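A quick write-up on the structure given underneath.
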Amino acid sequence: MFDLSLSKEQKMVKDSFSKLVKDLIADNAHEMDEAGEIPVSAVQKAWELGCSVSGVPEEFGGYGMEDSPILSALVLEELAYGDMAYAVAVTAPSLFITPINDMGTEDQKKALLPNACTDDYHVYTMAMCEPHFGADAVSLKTTAEKKNGSYILNGVKCFAPCASQAEKMLVSASLDGENNLFVVEKGAAGLTISEKEKNLGLYSLETNTVTLENCEVPADARIGGDKGVDYDRVLARSRVAMASMAAGMCRCSLDIVKQYAVEREQFGEPIAHRQSIAFMIAEMAYETDAIRLMAWQAASRLEAGKSAKREAYLAKLYAGEMAMKICDYGVQILGGHGYIREMNVERLYRNARSIACVEALSMA
């Protein structure tokens with residue numbers, strides 16, 4: 001038998017982020033969505049709890065704890081329970097920090113991590129998604145060519161979180177048929193970053209299109225050096241993050257619906273007494289648990305140093321399908337109220353679509 005109970009440390013961290021979301025985000029998520037931006041002060045509060053840096057050694061500016069995809073999954077679920085856009089904004093630097101901490105050379109860790117792991121929140125990110133992505137996130141059209149001791153990058157990326165604000169970003173590109181990650185600095189020649197993209201959901205999160213036209217980066221910009229990175233592991237860690245955020249959104253939708261179904265009366269009794277409603281709520285509950293457990297399974301393999309390619313892919317696939325179903329149920333059960341912008345289920349429904357459509361918004 002195995003035990004899925006949280007350790008004392010895991011529960012403490014989970015509760016800390018849960019309290020933050022309750023105090024700071026739960027009542028403000030709609031306003032942030034309407035305004036189309038997230039206050040830096042709100043992001044800073046979460047950053048101070050150790051988002052993205054807890055697993056980085058102290059010598060590089062982190063907390064010196066074990067690099068734990070499981071703990072990251074717990075944190076991401078709590079943040080997304082409040083608002084997925086907020087969760088992505090807070091943890092966008094993990095897209096830069098985690099691959100370097102996990103697979104970078106010692107020189108790269110010394111050079112890159114301390115500036116990204118300061119007490120104050122600074123934007124670092126990754127540009128992985130490409131316009132042609134469907135189910136195949138491995139077939140990159142962005143290319144890297146080695147030339148005169150440097151690398152020349154060409155390609156177009158989309159849905160890069162907070163890219164216009166990033167001091168540095170990692171860019172995925174194919175080098176001689178192998179997928180790699182390269183550090184690109186803000187203002188690099190040949191780098192163009194669009195204005196904020198107009199997306200279906202995640203209104204308060206800025207995502208950008210990143211265009212690279214003969215963008216030259218130095219030889220030491222290739223993460224992992226000549227060895228490169230385990231791209232499947234990078235992708236798996238991002239997919240666990242997406243599934244974990246889906247679990248948070250779905251749990252939020254479920255909690256809203258449970259309260260509404262008890263309080264809302266029709267024909268002299270709460271609608272929760274209607275079997276059709278009760279069955280929908282039950283399905284929301286067990287599918288939310290299923291998403292979480294699939295994310296945990298993949299995270300546990302990553303934490304053990306094992307391949308989680310299959311498990312992470314299935315977790316994100318299932319999360320993408322079920323998040324839409326669960327959040328749709330939330331809209332349906334609230335009826336006309338569920339279609340109103342002021343109701344959180346409407347925002348959850350729009351945001352849920354991103355789980356299936358986008359890669360690499362965060363990293364577990």
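The values are calculated or read from the model by the stated rules, or taken from the named source; none is laboratory data. Since the structure is predicted, the reported quantities are computational estimates derived from the model, not experimental observations. As a convention, Cβ positions derive from the backbone with ideal geometry for all residues, glycine included, and neighbour counts pool all protein chains shown.
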Exercise for the section: Kindly indicate which of Arg274, Arg301 is outside the structural domain of Asp27 (by TED's automatic domain parsing) and either surrounded by fewer than 16 Cβ atoms within 10 Å (Cβ to Cβ) or more than 30 Å from the chain's Cα centre (by Cα) (or both). Expected result: Arg274
Exercise for the section: Might you let me know whether region 209-221 holds any residue that is surrounded by fewer than 19 Cβ atoms within 10 Å (Cβ to Cβ) and within 21 Å of Met324 (Cβ to Cβ)? Expected result: no
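Yes/no matrix, rows are residues, columns are (1) of a type in the set (Lys, Arg); (2) modelled with pLDDT under 95; (3) over 30 Å from Asp67 (Cβ atoms):
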{"residue": "Asp255", "(1), (2), (3)": "no, no, yes"}
{"residue": "Glu269", "(1), (2), (3)": "no, yes, yes"}
{"residue": "Ile281", "(1), (2), (3)": "no, no, yes"}
{"residue": "Arg301", "(1), (2), (3)": "yes, no, no"}
Practice task
Please tell me if Tyr151 is part of a loop (DSSP other than H, G, I, E, B) and touching a Phe, Trp or Tyr at 6+ places or on another chain (Cβ under 7 Å).
Solution key: no
Exercise for the section: Could you tell me which residue of region 154-184 is surrounded by the most Cβ atoms within 10 Å (Cβ to Cβ), considering only residues that are charged (D, E, K, R) and more than 21 Å from Ala89 (Cβ to Cβ)? Expected result: Glu178
Practice task
For region 130-153, state whether one or more residues are touching an Asp or Glu at 6+ places or on another chain (Cβ under 6 Å), at pLDDT 95 or above, under 30 Å from Lys22 (Cα atoms) and not assigned by TED's automatic domain parsing to the domain that holds Ala312.
Solution key: no
Fill in the blank from the handout: When every residue in region 38-78 that is in a loop (DSSP other than H, G, I, E, B) and over 24 Å from Asp102 (Cα atoms) is compared, the one farthest from the chain's Cα centre (by Cα) is Pro39
Completion exercise
With criteria (1) polar (S, T, N, Q); (2) surrounded by fewer than 24 Cβ atoms within 10 Å (Cβ to Cβ); (3) within 27 Å of Arg310 (Cβ to Cβ), Ser94 comes up short on (2)
Problem - Tally, over region 198-228, of residues that are part of a strand (DSSP E or B) and either more than 16 Å from Ile152 (Cα to Cα) or modelled with pLDDT under 95 (or both) - result: 3
Practice task
Scan region 118-136 residue by residue and report those that are crowded, with 22+ Cβ neighbours inside 10 Å and part of a loop (DSSP other than H, G, I, E, B).
Solution key: Val123, Met128, Cys129
Practice task
State the number of residues belonging to region 286-305 that are basic (Lys, Arg) and touching a residue at least 24 places away in the same chain (Cβ under 8 Å).
Solution key: 1
Practice task
Answer yes or no as to whether Glu195 is outside any strand (DSSP E or B), touching a strand residue (DSSP E or B) at 6+ places or on another chain (Cβ under 8 Å) and surrounded by fewer than 24 Cβ atoms within 10 Å (Cβ to Cβ).
Solution key: yes
Practice task
State all residues of region 194-234 that are among the β-branched types (Val, Ile, Thr) and either farther than 17 Å from Leu361 by Cα or free of Cβ contacts under 8 Å to residues at least 12 places away in the same chain (or both); if no residue qualifies, say none.
Solution key: Thr211, Val217, Ile223, Val229
Problem - Options Ala29, Ala35: the member that is within 30 Å of Tyr203 (Cβ to Cβ) and within 18 Å of the chain's Cα centre (by Cα) - result: Ala29
Completion exercise
For region 80-96, pairs from a residue that is over 21 Å from Val184 (Cα atoms) to a residue that is modelled with pLDDT under 95, with Cβ under 7 Å and 6 or more apart or across chains, are Gly82/Ala26
Handout entry: Within region 107-138, tally of residues that are among the polar types (S, T, N, Q) and under 18 Å from the mean Cα position of the chain (by Cα)
Key = 1
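One line per residue, one yes/no per condition, for (1) of a type in the set (Lys, Arg); (2) touching a residue at least 12 places away in the same chain (Cβ under 8 Å); (3) touching a His at 6+ places or on another chain (Cβ under 9 Å):
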| position | (1), (2), (3) |
| --- | --- |
| Tyr260 | no, yes, yes |
| Ile281 | no, yes, no |
| Met284 | no, yes, no |
| Ser307 | no, yes, no |
| Arg310 | yes, no, no |
